[in-house]
Amino acid sequence: MNGMTLIVKRITQLMMPSIFMLGIYVIVHGHLTPGGGFAGGVLIAGSVVLMVLAFGSEEARSSALKWRASLWESIGIFIFWFLAILGMIQKGPFFANVIQKLYPGSPGQLFSAGMIPLCNLAIGIEVAAALFAIFITLAVMKTGEKQ
Amino acid sequence: MLPFLVPLLILMIFGALVALESRDLLSGIISLGIIGFALTIIFLILQAPDLAIVQIIIETLTLVILIAAVLRTSREDCTESWGMRKAVVAGTGLIFTAVFIWKFIAILPYMPVFGEPQLRMARVYLDSGLTMTGAVNLVAAVILDFRAYDTLGEATVLFTSVAGVVAVLRTVGRKRS
């Protein structure tokens, strides 16, 4: 895939940070407003995909990028599993919201609801990296090409 | 609500048929998009903004990925179909359609009224979700606290599917054909 024209590149440079920030906003405010880890993660992946589509895939063809996407995906799901067994470490049930008991916060504030924002963050990291890895694998990498 | 839903559902079925039958893969993918975006509007009409957000974003990204994949490989649908195969496919489809319609008509009287769930737990979630979890967004409270097992399973399914895609389409260690 080659890069597109100068107009597309400039518009992409203008739009991409806002889409990225919107993704972070949707993830962080997942327990307050509609959205959450999944929607925000897809937004972040979409912003990076937009960048790759506009500027061509020569930069993205390195195997280090794919490797890094896989790494962040694993980190995301590892955090999620860790949060899940956090309750069992505290001798509670699986997925017990222990942080909510320690630090209740007031409903409607950003720092409230205990584990839910952290879970949203983990899912956001995982989904963003996973969809970007799929995009890299399906659309950019050539099968049979020497790396 | 119903006058909006029925045309959208008909449009979705039409899009699915076109996506199945078109010989050009690009137009097939575009008509696949009809299903997703019509589903977004249906979610908005049914007052589910969480689902609508996820659906519209994932639909856009999936279309981009599929179109990029098609443009890099081939636009032609190379499925071969001969007499016996067509007959088997059509027969199986007809049998399953008949069974599903028969069973669906049988259970239809026992279904709850549209939009009024009869689950006992749903009322508990709605009433005490805020006090028990502290999350203002009830959907987040349900999917990440009450039903967090489900979300963990979904995340694991996504992880496994990406692992499968990366493993099947790998560039390291392939046999040269």
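We did not get these values from a lab; they are worked out from the coordinates using the rules stated. Just so it is clear, the structure is predicted and the values come from calculations on it, not from any experiment. Methodologically, a virtual Cβ is constructed for each residue, glycine included, from the backbone with ideal geometry; neighbour enumeration extends over all protein chains shown.
Summary table below
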{"item": "Gain in span if fully extended, B:Gln47 to B:Leu2, counting 0.36 nm per residue against the direct Cα distance", "result": "14.8 nm"}
{"item": "Cβ-based exposure ranking for B:Asp50, B:Asp145, B:Asp24, in which fewest neighbours within 10 Å come first", "result": "B:Asp24, B:Asp50, B:Asp145"}
{"item": "Cα gyration tensor category, rounded, prolate or oblate, for the range A:1-50 with a/c compared to 1.5", "result": "prolate"}
{"item": "Magnitude of the charge dipole, the range B:73-129, Cβ model with Lys/Arg +1 and Asp/Glu -1, debye to 20", "result": "180 debye"}
{"item": "For the range B:1-76, the fraction of alpha-carbon pairs in successive 5 Å shells from zero, as %", "result": "3, 17, 22, 22, 18, 10, 5, 2, 0"}
{"item": "Positive minus negative residues near B:Ile143 (Lys, Arg vs Asp, Glu; Cβ under 11 Å)", "result": "-3"}
{"item": "Between helix A:6-28 and chain A: long-axis angle, C-alpha atoms, 0 to 90°, nearest 10", "result": "10 degrees"}
{"item": "Rg over Rh [alpha-carbon atoms, Kirkwood Rh] for chain B", "result": "1.03"}
{"item": "Farthest positive-ward along the protein assembly as shown dipole, Cα basis, beta-carbon charges - from A:Met4, A:Gln100, B:Ile53", "result": "A:Met4"}
{"item": "Angle between chain A longest axis and helix A:37-55 axis [Cα atoms, degrees, rounded to 10]", "result": "10 degrees"}
{"item": "Residue-span extension gain [B:Val88 to B:Val64] - 0.36 nm each, minus C-alpha spacing", "result": "5.2 nm"}
{"item": "Net dipole in debye of the protein assembly as shown [+1 Lys, Arg Cβ; -1 Asp, Glu Cβ; about Cα centre; nearest 20]", "result": "820 debye"}
{"item": "Mean residue ellipticity (222 nm) of the protein assembly as shown, computed from DSSP H runs ≥ 4 via -39,500 (n - 2.57), nearest 500", "result": "-23500 deg cm²/dmol"}
{"item": "B:Asp77-B:Leu126 pseudo-label distance in nm [points 7 Å out on the Cα-to-Cβ vector]", "result": "4.3 nm"}
{"item": "Residues A:Phe55, A:Phe111, sorted so that the one with the fewest Cβ neighbours within 10 Å comes first", "result": "A:Phe111, A:Phe55"}
{"item": "Nearest-ten-degree value, helix A:115-135 long axis tilted from longest Cα axis of chain A", "result": "20 degrees"}
{"item": "Sequence-distant residues sharing a close amide H with B:Asn137 (under 5 Å, placed H)", "result": "A:Leu32"}
{"item": "Chain A: mean projected area of Cα convex hull, nm²", "result": "10.3 nm²"}
{"item": "Kirkwood-based Rg to Rh ratio, the protein assembly as shown, C-alpha trace", "result": "1.00"}
{"item": "Net charge contributed by nearby residues that have their C-beta within less than 13 Å of A:Phe80 (K/R +1, D/E -1)", "result": "-4"}
{"item": "Using distinct alpha-carbon pairs, which all enter the 1/r mean, Kirkwood radius of the range A:40-108 in Å", "result": "15.2 Å"}
{"item": "Rounded to the nearest 20 debye, dipole of chain B from Cβ charges on Lys, Arg, Asp, Glu", "result": "720 debye"}
{"item": "Calculated FRET value between A:Leu6 and B:Ser22, using beta carbons and R₀ = 35 Å, to 0.05", "result": "0.50"}
{"item": "Ranked list, fewest to most other Cβ atoms within 10 Å of each Cβ, for A:Cys119, B:Cys78", "result": "B:Cys78, A:Cys119"}
{"item": "Net +/- balance of residues flanking A:Phe38 in space, Cβ distance below 10 Å, scoring K and R +1, D and E -1", "result": "-3"}
